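The values are calculated or read from the model by the stated rules, or taken from the named source; none is laboratory data. Predicted, not measured: the structure shown is a model, and the values here were computed from it. Reconstructed Cβ throughout: ideal geometry from the backbone, glycine too, with neighbour counts over all protein chains shown. Each accessible area value is taken on the protein alone, full model and side chains, heavy atoms only, with ligands, DNA and RNA left out. Shrake-Rupley method; radii C 1.70, N 1.55, O 1.52, S 1.80 Å.
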Amino acid sequence: MAEPALAYSTPPPCPALDAILARDEHSLPETDGLPLPDGRVQQGPLGYSRDALRRRLRHLNDRVAVEGDMFIYYIGRDADDGPKIASVSPDVFVVFGVPDRPDRKSYVLWNEPQADIRFVLEIASPSTRRRDHTEKRFVYASLGVAEYFLYDPPGRHRKARLIGLRLTGFDYEEMARERLPNGCVGVRSQTIGLVVYVASGGELRWFDPVAGVDLRTYDEADEAARQLDLANARIAELEAQIRSSGSKGS
């Protein structure tokens, strides 16, 4: 396995560094050109987490962004310990300190040093599991990511697994678990104030401890909106009947 390209906090001045600093998100690839290897087992929790967290956090301020499958470019180290362009693409991550731009192509950290990537969630697949638990752990620690969560979806002979890691010094320590009102056990993110847990069916869920409810999937949100529309329509119908009865009685 290749050594991780750990982030260079203070790269030495050299022509290679000058060439790196001249690059921005418009001159760097926004995709590696390869098809996504993950199937629905990975795409389901990825889409739910990204969209539910985006809906939950979007009202905080305009300097919080929830992203997914997007490159983070940083200055790494080459074989001779010199600076080189390196990148990582978390499944889901939360960034504080920079504007939430819908047209963003990537995060180029040497151009946006104020971008504070505090939370990363990786959803393992057979092709990424080893790297998620080893190489990426060191990369995220070197980037100063405060919390790193890993979710292994259930397989034919494997139960779903979830761990939450918090950065302590230069490495991660596993976070404590807590029991939720529904009886499941989850891990609370101090960064975003939510608890993530594995439901009885093995699926990943996000719980809001303040509201006391799970964050909804899009299907659940759509169904709730549909039920609300039906209820409002019924109320309007009853009010119309009451007004009609009143006018007839007068």
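Summary of values
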read-out	value
Search result, residues across region 181-208 that are hydroxyl-bearing (Ser, Thr, Tyr) and either closer than 21 Å to Leu60 by Cα or touching a helix residue (DSSP H, G or I) at 6+ places or on another chain (Cβ under 8 Å) (or both)	Ser189, Thr191
Residue ID - nearest to the chain's Cα centre (by Cα), chosen from residues in region 93-119 that are of a type in the set (A, V, I, L, M, F, W, C) and within 17 Å of Leu167 (Cβ to Cβ)	Phe93
Of residues in region 163-193 being in a strand (DSSP E or B) and in contact with a Leu (Cβ under 7 Å, 6 or more places away or on another chain), the one nearest to Ser125 (Cα to Cα)	Ile163
Single condition Phe138 does not satisfy, out of (1) under 24 Å from Arg55 (Cα atoms); (2) among the hydrophobic types (A, V, I, L, M, F, W, C); (3) open to solvent by 40 Å² or more (accessible area, probe 1.4 Å)	(1)
Residue count for region 47-69, restricted to those that are part of a loop (DSSP other than H, G, I, E, B) and crowded, with 18+ Cβ neighbours inside 10 Å	1
Any hit, region 185-202, residues being farther than 24 Å from Val66 by Cα and at pLDDT 95 or above	yes
Check on Phe170, surrounded by fewer than 20 Cβ atoms within 10 Å (Cβ to Cβ) and of a type in the set (Phe, Trp, Tyr)	yes
Lone unmet requirement of (1) at pLDDT 90 or above; (2) of a type outside the set (Gly, Ala, Ser); (3) assigned to a helix (DSSP H, G or I) for Arg131	(1)
